[in-house]
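Notes to accompany the following structure.
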Amino acid sequence: MGMENSISIDGSQLWSDLMETARFGATARGGLHRLALGADDLKVREWFASTCRALGCEVIHDSMGNQFARRPGTQPGLKPIMIGSHLDTQPTGGRFDGILGVLGGVAVLRALENGKVQTRHPIEVVNWTNEEGARFTPPMLASGVFAGVFTEEYARSRPDRDNITLGDALTQGGQAGTQPCGEHPAAAYFELHIEQGPVLEAEEKTIGVVQGIQGMRWYEVRVMGRDSHAGTTPMTMRADAMWAAARMIDAVHGVAMSHKDGLGTVGIVDCQPASSNVIPGNVMFTVDLRNPSDTVLEAMEQDFRARIAALAEDCGVEAVVSPVWNSAAVHFDPTCIACVREAAEEERYSMRDIVSGAGHDAAYMAQVAPTAMVFVPCLNGISHNEAESAEPTDATAGANVLLHAVMLADTRIDAA
Ligand SMILES: [Zn+2]
């Protein structure tokens, strides 16, 4: 045990891997354009496979193109402990979102190999196909198939903008393996990721011990008034859908502010007939409500619906609220969370508990295996942007926590 605990990540090798793979899809402004299963994604996939083979791993692809690099364990019959994330990016993405999680996993394999550590469980690093949803919607498509959230038929039929389906892209790129996606049980799953938000940086904490992923609900609100002349209709005789919508949008902010940890966003507003001198008769806007607690999120929805109804009446318009999408809060596994926390303590990193504001492959993996995540800070909290940046010391710290969390899990999960 003593020897095993003394091993650590080779931070400079991890950083050089990050910079080397950032050549595949590099943009002029220092970011990445590496859409799922495009030419540059195929190159980084080959890099991942050959690097892991050189570390003594067997690399297989499942039928959704998910890549698994396996380092054998000592105890027969145990399922693998998985480490994973994604190597695809947004069209103008950064060099760390997803990539740190996969290359951090490679760094763990390297540390185990160099330290001659034998684990009871096989350790596998997985690169999930099409996490971003930038080429094929929705996001997290292949981990979703893996977890049984989507059928493989549905996933393979998803088209990109040129009407190439994900299924065709898998075949053309030679990425579809023979193992049916999902027939690959895991003992546990760990994912290292940049926070993609500003909290760790603002509080000068190195490690986020991720408790889960907040719940999200999307709606469309249709406000129906009456088109009429801007110059001839007295203020008291209008049914102004835009005025009503403006007050409702303000109410969305109010709902978020009056519930603990609540978030509320209006991202799209569409107005008809959209003419300078016509009072709008129809306005549609979208609402995104989020909360780490499904109970509070439900209360936010009730509050939101009540405020919309009251404002519609007050403004003399009609309003219809339609749910568009609903994603329940994810609570990670207490044993896996404890492994992350104790690993960060062992390594003496500053830390705090945190809830993920964004979706991750770990959200779906949590449905089929005990799961936890590790966050590290990113510069100014910026992500899905070419300016996305992380410090080498933080990348190393995150991978070190991943390494030691996996080693702790190896002793605790399926312990006889
Ligand atoms: Zn990501």
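Here are some notes:
- Shown for the range 213-326: the carbon plus sulfur share of the solvent-accessible area, taken with all protein chains present and a 1.4 angstrom probe, equals 56%.
- Between residue 78 and residue 6, the FRET efficiency from the beta-carbon distance, with R0 = 22 Å, is close to 0.35.
- Lacking any other cysteine beta-carbon closer than 4.7 Å, the following Cys residues of the chain have no compatible partner: 181, 271, 315, 336, 339, 378.
- For the range 115-149, the residues whose backbone nitrogen is under 14 Å from a point 7 Å from the Cα of residue 172, taken along Cα to Cβ, are 135-136.
- Here residue 205 is the anchor, and the lysines within straight C-alpha reach of less than 29 Å, apart from those fewer than 8 places off in the same chain, are 260.
- Placing +1 on the Cβ of every Lys and Arg and -1 on the Cβ of every Asp and Glu, with nothing else charged, gives the range 73-136 a dipole about its Cα centre of roughly 280 debye.
- Heavy-atom surface of the chain, accessible at 1.4 Å and reported per residue (Å²): 42 Å²
- Computed over the chain: relative contact order in percent, which uses C-alpha pairs under 8 Å that are six or more apart: 23 percent
- Quotient of the Cα radius of gyration of the chain and 2.2 N^0.38 Å, N being its number of residues: 1.10.
- Size descriptors for the range 37-94: radius of gyration and Dmax over Cα atoms are 13.4, 44 Å.
- Subtracting the Cα-Cα distance of residue 28 and residue 302 from their residue separation scaled by 0.36 nm leaves 93.9 nm.
- Solvent-accessible area of the range 1-138 (1.4 angstrom probe, protein heavy atoms only): carbon and sulfur portion equals 51 percent.
- Dimensions of the range 255-306 based on its C-alpha atoms, expressed as ranges along the principal axes with the largest first, amount to 43, 19, 15 Å.
- The alpha-carbon atoms of the range 1-153, seen along their principal axes, cover 45, 37, 21 angstrom, with the largest extent given first.
- In nm, spacing of pseudo-spin labels at residue 274 and residue 237 (7 Å Cα→C-beta vector): 2.9 nm
- Long-range Cα-Cα pairs in the range 102-204 (distance over 19 Å), rounded percent: 57 percent
- Remark: the chain carries a charge dipole of roughly 260 debye about the Cα centre, counting +1 on each Lys and Arg Cβ and -1 on each Asp and Glu Cβ.
- Between residue 54 and residue 414, the simple spin-label model (points 7 angstrom out along Cα→Cβ) gives 3.0 nm.
The values are calculated or read from the model by the stated rules, or taken from the named source; none is laboratory data. No experiment lies behind these values; they were computed from the predicted model shown. Cβ coordinates were reconstructed from backbone atoms using ideal geometry, including for glycine residues, and neighbour counts include every protein chain displayed. To get the accessible areas, we keep the full protein, side chains included, count just its heavy atoms, and leave off ligands, DNA and RNA. Shrake-Rupley method; radii C 1.70, N 1.55, O 1.52, S 1.80 Å.
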